[in-house]
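To start, the structure itself, in structure tokens.
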Amino acid sequence: MRLSLSLLLLGVMSIAACSKPEPAPEPVRAVRTLTVARASTGGAHEYAAEVRARTESRLGFRVGGKIVRRAVNLGDSVKPGQLLAQLDPQDLRLGQDAARAGLVAAQANMDQTEADFKRFKELRDQGFISSAELERRDTALKAARAQLDQARAQSSVQGNQAAYSALVADVAGVVTAVEAEPGMVVAAGAPVIRLAVDGPRDVVFAVPEDKVSTLKALADKPGNLKVRLWGGDAEPVAVTLREIAASADPVTRTFLVKADLGSGSAAKAMRLGQTATVIAESPRMEGITKLPLSALREDRGQSSVWVVDATSMTVKSQPVQVAGADGNEAVITAGLAPGAVVVTAGVHVLNPGQKVKLFVEPGSAVQGSTPTPVAAK
């Protein structure tokens, strides 16, 4: 009897050891939620900007040398042909004198060779020399003529080089930077003076990636882009979008935008380098929904969010249509009805039908099982 009972107990224990343990219940996740409410987007966006000249050139000497004089200072207005800086011209003048001497020598050699050719031509006509000798004299004349042309060109080049010792303004403008001082030895082409050309002016500002398409849409609508000087009481001036950078800045990841200030009196009154504010008026969109970007997830190649069932406190996946971004919020145009409770944090650790509970901030009152509605921004 005892043996049969022992065998029975042993069999039960063996069956129990071979059976699989029951899986642990899925944990109840604490999530942040947001109750969907209708909102609007668009309106005016402001960007910090700066007034700049349309054309700003870095002027430098076309030859190298030592700067002995700087004739302008920062902020000076210059006229075409005005002297900006001067190099030591001594070596350049010596080179010009050497080229002139070479030209004189080539001219004398040319005259002598030409006279010899005439005499030898007369001797050949009289039969005293052969035609081959005359051909050699003709070849020498052509070589002398080529040497004269070379010396004349070299003299012109050296003359230009001597003139390049003076840096003059090509157009009227304002000196915006001085990059070299007297006593410095500069190479040819090294920037010495930065000159803002007196002409059209732009207002320059940077926009984030998500605003580039909106800004391009405003280009065809005059009056939607205005600029206001910082700290000024004057009315904003309408500007025209002129250029958007083809690539983003590698550091700030923003796109540089240039807008034309026009030729009005208000634009001419703006000084170079002034700080301004660009106001972009975009059309408003009503009846949309805004959610934090953290609420979005990808489900089978489609943007989705987790919606909380307030009765069972479980979540289900809901596809949505995203129209764009407004700052740190996504603009939702379809897929959510007002009053729906959406999970805004912890979306990547949830599964369909999973039990959730509301996250309670430390020190706050304990919330009930039903999410408290929160209006979307």
Discussion item. I'd like the accessible area for LEU229, computed on protein heavy atoms only with a 1.4 Å probe and all protein chains in place. Round to 10 Å², please.
Written reply: 50 Å²
Worksheet item: Label points 7 Å out from Cα along the Cβ direction at LEU218 and ARG136: separation in nm?
Response: 8.5 nm
Discussion item. Given a 1.4 Å probe and heavy atoms of the protein chains only, how would you sort ILE129, ILE288, largest accessible area at the top?
Written reply: ILE129, ILE288
Worksheet item: Which of LYS118/LYS142; LYS258/LYS290; LYS290/LYS355; LYS316/LYS357; LYS211/LYS316 have a Cα-Cα distance over 23 Å?
Response: LYS258/LYS290; LYS290/LYS355; LYS211/LYS316
Worksheet item: Can you give the accessible area of LYS216, probe radius 1.4 Å, in Å² rounded to 10?
Response: 120 Å²
Discussion item. Ordering GLU235, GLU329, GLU46 by accessible area with a probe of 1.4 Å, largest first, what comes out?
Written reply: GLU235, GLU46, GLU329
Fill in: In nm, spacing of pseudo-spin labels at ARG69 and ARG93 (7 Å Cα→C-beta vector)
1.2 nm
Practice prompt. For LYS66, list the lysines whose Cα falls under 22 Å from its own Cα; do not include residues on the same chain fewer than 8 positions away.
Written response: none
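The values are calculated or read from the model by the stated rules, or taken from the named source; none is laboratory data. Keep in mind it's a predicted model, so treat the numbers as computed, not measured. Glycine also receives a Cβ, built like all others from the backbone with ideal geometry; neighbour counts cover every protein chain displayed. Just the protein is used for accessible areas: all its heavy atoms, side chains included, with ligands, DNA and RNA removed. Shrake-Rupley method; radii C 1.70, N 1.55, O 1.52, S 1.80 Å.
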